[in-house]
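J.: I'd like to ask you about the structure that follows.
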Amino acid sequence: MKVKVDERGYYGSFGGAYIPEMLYPNVEELRKNYEQITTDLDFRKQFESLLKDFVGRPTPLYFAERLSHQYGAKIYLKREDLCHTGAHKVNNTIGQILLAQRLGKKKIIAETGAGQHGVATATVCALMGIECIVYMGAIDMQRQKPNVERMRILGAEVRPAESGSKTLKDATNEAMRHWINNPKDTHYIIGSVVGPHPYPEMVARFQSVISEEIKKQLLEHEGREAPDYIMACVGGGSNAAGAFYHFYDNENVQLIAVEAAGLGNDTGESAATTVLGKPGVLHGSKTLLMQTEDGQVIEPYSISAGLDYPGIGPVHAHLFETGRAQFLSVTDEEAMKAGVEVSRLEGIIPAIETAHAFAALNQMNFNPEDVVVLNLSGRGDKDLETYIKWGKY
Ligand SMILES: *Cc1c(COP(=O)(O)O)cnc(C)c1O
């Protein structure tokens, strides 16, 4: 099956650019230019050089011996937790800051929920000496103090969104408004494979370095480029899209996407979009999203801030609809247990987002010879508070 975006930004029936008229020039400028700019040799060189020396790529593909023994398969971990700033998000922000420079933009805006994307954005703005404004819900700012201060230390301005529920959705609205009012000099860095075309495809391509490296590294370890399974957690879906990207067309590779089921999919406190969602428009693209009968977005819930999103990127809606990827979901409790298990078996404390992917190992039926790559999207340092509050270790 070909998983390819079409001219108008659709993956099958999902995607597109559903934006207000006033945003059209900004998005159109990107759409017209991103492909040429990001495939230019000079751009590729600079991107690869920063990924190598600033981010620390290639990240290792690590054979997890004790975990493999536990689950009866050969399990490899793609170590995105070892990226500078502690997760995969920086791969994308590096790509977008280089693009913004080439578009002649002088300022960067971003929105952030828990603050991870805000920190990754503030980091690359500091690196390039570009002014950075991050919109964040006022309530999220209280909940995520350390990340607010990280952004400030890096020189970014963090602007509270005081409207609505004062969380991610409101921060996104404020960032959009800012962009509409400052179309010429500002680039808006979106942090996952969401938003209007061309963002989902652009972000996926920046993150596709993950699967590019997996191919080479697996060849060294196993004498073949493709694993039997690739597993990744899905919030918006950028780490999963990056890990799947170069395997979409190889049907021998089973793609496993793991969503957050919060307190359980039948409790009203979940973020498992493929279980609970219906087609609709969210943040500028047609996708699956959690909504009421009359189309109001339902507030998602997950213990993990990075998975607490009411939709998924359009490519994932397509992978789900076509059956190319299998979607599983995992509760808070299952994820927390898996996070502690991996810490003890492998000496790696994973981000709670990633712990969801690990917990899904319990739902798999592997053969002993199966080669599994699990994308370890981030490290658990940022989640220490949550581990402590949960307390069962
Ligand atoms: C943000 C984040 C995620 C979720 O975002 P995706 O776009 O779905 O990858 C997953 N893991 C970590 C560590 C994150 O910081």
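J.: Could you tell me whether the range 170-250 comes out rounded, prolate or oblate from its Cα gyration tensor? Rule is a ≥ b ≥ c as square roots of the eigenvalues, rounded for a/c under 1.5, then prolate if a/b exceeds b/c, otherwise oblate. If you can, show how the numbers build up before the last one.
T.: Details: a/c = 3.89, a/b = 2.83, b/c = 1.37.
Judged from the Cα gyration tensor, the range 170-250 comes out prolate (a/c at least 1.5, a/b above b/c).
J.: Find the Cα radius of gyration of the range 217-294, compare it with 2.2 N^0.38 Å by division, and give the number to two decimals.
T.: Numbers: Rg = 15.9 Å, N = 78, 2.2 N^0.38 = 11.5 Å.
For the range 217-294, the normalised Cα radius of gyration is 1.38.
J.: Over the chain, with the other protein chains present, what is the accessible area per residue in square angstrom, probe 1.4 angstrom? Show your work: numbers first, answer last.
T.: Working: 16160 Å² over 393 residues.
For the chain, the per-residue accessible area is 41 Å².
J.: Which of Ser329, Ala351, Ala317 sits closest to the plus end of the dipole of the range 279-393, meaning its Cα is farthest towards the positive end, when Lys and Arg get +1 and Asp and Glu get -1 on the C-beta?
T.: Checking the options against the dipole of the range 279-393, the answer is Ala351.
J.: OK, next. Compute the FRET efficiency between Lys215 and Ser343 as 1/(1 + (r/R0)^6), taking r as their Cβ-Cβ distance and R0 = 35 Å, and round to the nearest 0.05.
T.: 0.75
J.: Roughly how many debye, to the nearest 20, is the charge dipole of the chain about its Cα centre, given +1 on each Lys and Arg Cβ, -1 on each Asp and Glu Cβ, and no other charges?
T.: On the way: 40 positive and 50 negative charges, 181 e Å.
Result for the chain is approximately 880 debye, rounded to the nearest 20.
J.: While we're here: At 7 Å along the Cα-to-beta-carbon direction for both Glu222 and Lys106, put a label point, then send me their distance in nm to one decimal.
T.: 5.1 nm
J.: Now a separate question. Given the -39500 (n - 2.57) contribution per DSSP H run of 4+ residues, what per-residue ellipticity at 222 nm results for the chain, rounded to the nearest 500 deg cm²/dmol? Intermediate values should be presented prior to the final figure.
T.: Numbers: 16 runs with 162 residues, N = 393.
Estimated from H runs of four or more residues: -12000 deg cm²/dmol.
J.: Taking 0.36 nm per residue of separation and subtracting the Cα-Cα distance, what length does fully extending Gln296 through Lys184 add? All intermediate terms of the calculation are to be shown ahead of the outcome.
T.: On the way: separation 112, 0.36 × 112 = 40.32 nm, distance 3.25 nm.
Fully extending the segment from Gln296 to Lys184 adds 37.1 nm.
J.: Then there's this: For the chain, with the dipole built from +1 on Lys and Arg beta-carbon atoms and -1 on Asp and Glu ones, taken about the Cα centre, which of Val371, Gly12, Trp179 lies farthest toward the positive end?
T.: Trp179
J.: Now for a separate question. Which Rg and Dmax, in Å, describe the Cα atoms of the chain?
T.: Considering the chain through its Cα atoms, Rg and Dmax are 19.4, 57 Å.
J.: Under unit Cβ charges (Lys, Arg +1; Asp, Glu -1), what dipole magnitude, rounded to 20 debye, does the range 195-336 have relative to its Cα centre? Could the numbers behind the result be given before it?
T.: On the way: 7 positive and 20 negative charges, 99 e Å.
My answer is approximately 480 debye.
J.: If I stretch the segment between Glu157 and Glu28 completely, what's the gain in nm (0.36 nm per residue apart, minus their alpha carbon distance), one decimal? Don't skip to the answer; put the middle values down first.
T.: On the way: separation 129, 0.36 × 129 = 46.44 nm, distance 2.71 nm.
The Glu157-Glu28 span can extend by a further 43.7 nm.
J.: Quick check for me: using +1 on Lys/Arg Cβ and -1 on Asp/Glu Cβ, what's the dipole size of the range 1-144 about its Cα centre, in debye to the nearest 20? Write out the running numbers ahead of the final one.
T.: Values: 19 positive and 16 negative charges, 76 e Å.
Magnitude of the dipole: close to 360 debye.
J.: With all protein chains present, how much of the accessible area of the chain (probe radius 1.4 Å) comes from carbon and sulfur, to the nearest whole percent? Each step should come with its number before you reach the end.
T.: Details: 8030 of 16160 Å².
Ligands and nucleic acids excluded, carbon and sulfur give 50 percent.
J.: Another one. Testing the spin-label approximation: label points 7 Å from Cα along Cα→Cβ at Asp381 and Gln46. State their distance in nm.
T.: Modelled inter-label distance: 2.8 nm.
The values are calculated or read from the model by the stated rules, or taken from the named source; none is laboratory data. Predicted, not measured: the structure shown is a model, and the values here were computed from it. When we count neighbours, we look across all protein chains shown, and the Cβ atoms used for this are built from the backbone with ideal geometry, even at glycine. Just the protein is used for accessible areas: all its heavy atoms, side chains included, with ligands, DNA and RNA removed. Shrake-Rupley method; radii C 1.70, N 1.55, O 1.52, S 1.80 Å.
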